[in-house]
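The values are calculated or read from the model by the stated rules, or taken from the named source; none is laboratory data. Keep in mind that this is a model prediction, so the values were computed, not measured. Methodologically, a virtual Cβ is constructed for each residue, glycine included, from the backbone with ideal geometry; neighbour enumeration extends over all protein chains shown. Calculation scope for accessible area: heavy atoms of the full protein, side chains included, ligands and nucleic acids excluded. Shrake-Rupley method; radii C 1.70, N 1.55, O 1.52, S 1.80 Å.
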Amino acid sequence: MSTNDPRNSFSCEEKWKNRILKGDCLVELEGLPIDLVDVVFADPPYNLQLEGNLRRPDHTLVHGVDDPWDQFESFQAYDKFTRSWLLACRRLLKPGGTLWVIGSYHNIFRVGSILQDLGFWILNDIIWRKSNPMPNFHGRRFQNAHETLIWALRDSKNKKYTFNYKALKAGNEDLQMRSDWLFPICTGAERLKDHFGRKLHSTQKPEALLARIMLASTKPGDTILDPFFGSGTTGAVAKRLGRNFIGVEREELYVQVASQRIANVQQLDQVDLEILLRTCAPKPRIPFLSLIEAGFIKAGMILYDKEKQHSALVRADGMLVYKGDSGSIHMIGCKAQQKETCNGWTYWHYDDSGKLRSIDKLRSRIRHEWLLD
């Protein structure tokens, strides 16, 4: 460590704020003073254990997460790495500080078990439901449409942590903020790309997700540590919301990208922050199968178009049968009309004591009963 490295002066917390430390996270975190940060957000390697290339049914290659930083020799090696970075982050959290860690089914259960062993106190697990998830191309499993976040307190002894309950409730139509959050994956203009149009970072997280985390568990002026800084989403959102950050990243390309990204961010004023809090999430999708599971529609029922010119049989699995073809309410609606597109929710009706009623009314009823409206 050079004599000019600001880590030689532990007396001034300000010197650590809004910096990206380039290097291995275990080495860099070890050089930071204790009780330095208010919150940790960690997006560690998921250890996806991919075997071979992933291809679509048309044999085109899927550009998944195959980066060297996501590969470990064994579960034991991954667990050792996880224990090390969690211990380092726990040392840096202030009393009452909290940690957020995100993962998939490949790693989040191992991470959760280890953080409990180390003395963290779990407050919530949050489900990030993706409104536009990648499909399961071979149709042999359920579509992976969510990731899990664990929100944990440094320890159970000091439970005076930050949770902006009233602000979140006010921004959620005066309803308690739930533990399932609906956001799209990072796409469009927000997705950082290189000169060839390729993704710069394979697991870039949406800024809306980080904004929700910071608005929920930090105050203006707080410092958020991200030990796996990547493309700098944590730093960009922290600056926009009037928070501070400390990032650790070992890849030089990501350090450069993150630095430029953060430099271009403008901090929101109070009015903009209030508007952000009032933003409502889109209504979640209700699959047609839910109507059958709820008993509103029964297998064997006949659905009709509004003029009763076409009819289709409801199967127990949620598919419709029409003239020997089977498919979704939308697909069968297209076949019945011989059109390329169809909104099955408004096209199909059921017979209610001699009156035709839209199945969309039943979808609205489910939303209301599930408190999703």
Square roots of five times the Cα gyration tensor eigenvalues for segment 157-279, Å:
27, 17, 14
Tell me which residues come under 5 Å, amide H to amide H, from residue 182 once H is placed; ignore anything under 5 positions away on its chain.
129
Which peptide among 190-198, 315-323 comes first, and what is the full order, when sorted by highest mean count of other Cβ atoms within 10 Å?
315-323, 190-198
Estimated vicinal HN-Hα couplings, Hz - segment 75-92 in sequence order (Karplus 6.51, -1.76, 1.60; Gly, Pro = x)
4, 5, 5, 5, 5, 5, 4, 4, 4, 5, 6, 5, 4, 5, 5, 4, 5, 8
Placing each pseudo-label 7 Å from Cα in the direction of the beta carbon, residue 178 and residue 125 end up separated by a distance in nanometres of 1.8
For segment 149-165, what does the Karplus curve 6.51 cos²θ - 1.76 cosθ + 1.60, with θ = phi - 60°, yield as ³J(HN,Hα) per residue in whole Hz, taken in order and with x for Gly and Pro?
10, 10, 10, 9, 7, 3, 7, 7, 7, 10, 9, 8, 9, 8, 9, 7, 4
Whole-Å semi-axes of the ellipsoid equivalent to segment 92-211 (Cα gyration tensor, √5λ, descending)
29, 19, 16
Note, ³J(HN,Hα) from phi for segment 233-240, Karplus 6.51, -1.76, 1.60, rounded to Hz, x at Gly and Pro
4, 4, x, 5, 5, 4, 5, 4
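Would you please classify the overall shape of segment 306-373 from the alpha carbon gyration tensor, given that a ≥ b ≥ c denote the square roots of the eigenvalues, rounded means a/c under 1.5, and beyond that prolate means a/b larger than b/c while oblate covers the rest? Don't jump to the answer; show the numbers that get you there.
Values: a/c = 1.81, a/b = 1.52, b/c = 1.19.
Prolate shape, in that a/c is at least 1.5 and a/b is the bigger ratio.
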Could you sort 222-235, 298-311 so that the peptide with the highest average Cβ count within 10 Å comes first and the rest follow in order?
222-235, 298-311
Carbon plus sulfur fraction of accessible area for segment 184-260, probe 1.4 Å, in percent:
55
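Ordered by packing density, taken as the mean number of other Cβ atoms within 10 Å over each peptide's residues, highest first, how do 24-33, 78-87, 239-248 rank? Can you show the working numbers first?
On the way: 24-33: 16.4, 78-87: 18.0, 239-248: 23.1.
Highest mean packing first, the order is 239-248, 78-87, 24-33.
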Under a point spin-label approximation (7 Å from Cα along Cα-to-Cβ), what is the residue 83-residue 22 distance to one decimal in nm?
3.3
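With an 8 Å cut-off on Cα pairs and a minimum separation of 6 or more residues, tell me the relative contact order of segment 90-192 in percent. Show your work: numbers first, answer last.
Details: 146 pairs, mean separation 37.3, N = 103.
In percent, rounded to a whole number, it is 36.
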Give the Cα extents of segment 116-155 along the principal axes, in whole Å, largest first.
43, 20, 9
Which FRET efficiency value, to the nearest 0.05, do you get for residue 365 and residue 109 by plugging their Cβ-Cβ distance into 1/(1 + (r/R0)^6) with R0 = 56 Å?
0.95
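Based on the alpha-carbon gyration tensor of segment 205-254, what equivalent-ellipsoid semi-axes (square roots of 5 times the eigenvalues) come out, in whole Å, largest first? Write down the numbers at each step before the final one.
Numbers: eigenvalues 70, 26, 13 Å².
Ellipsoid half-lengths, sorted descending, are 19, 11, 8 Å.
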